[in-house]
1. All but one of (1) modelled with pLDDT under 80; (2) under 14 Å from the mean Cα position of the chain (by Cα) hold for residue 42, so report the exception by its number.
2. Could you list all residues from the range 59-95 that are surrounded by 15 or more Cβ atoms within 10 Å (Cβ to Cβ) and of a type in the set (Val, Ile, Thr)?
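The values are calculated or read from the model by the stated rules, or taken from the named source; none is laboratory data. Being a predicted model, the structure only gives us computed values, none of them experimental. We place every Cβ from the backbone using ideal geometry, glycine too, and count neighbours over all the protein chains shown.
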Amino acid sequence: MQKKLNITFNREEDKSTKSSDSLTELYIDSRFNQDDLSLERLHIWHYAIPQKRIESSIQELMKYINSSSENFIVKSAVAHLWFESIHPYDEGNGRIGRAIVNYIFTSLPSLLRLCKNYQI
């Protein structure tokens, strides 16, 4: 993301891939481009990975979820978008994507302590 936003970063530590660069492009366009939404734009956003790369992409995503120390809000958004772009199942990808967000949010010890202090 830093590379795409022209923020200073260490190129030697850059672990971006074509997939992560495509996700960043999608995020930036959807966030900052206020042009009307069109079918052409949706087709550009759709990034389908080849079926033979689904398993390795899911493994990369799991590694990111389990090891990234990024801000939990950013991490949950990136993980959700990443999972949805892999779209590994015929049905239920949205539910699983939201469950990933819940997992990241509830994996935070400080957030769990905060939630336990409130009775809902």
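1. (2)
2. 65, 78, 86
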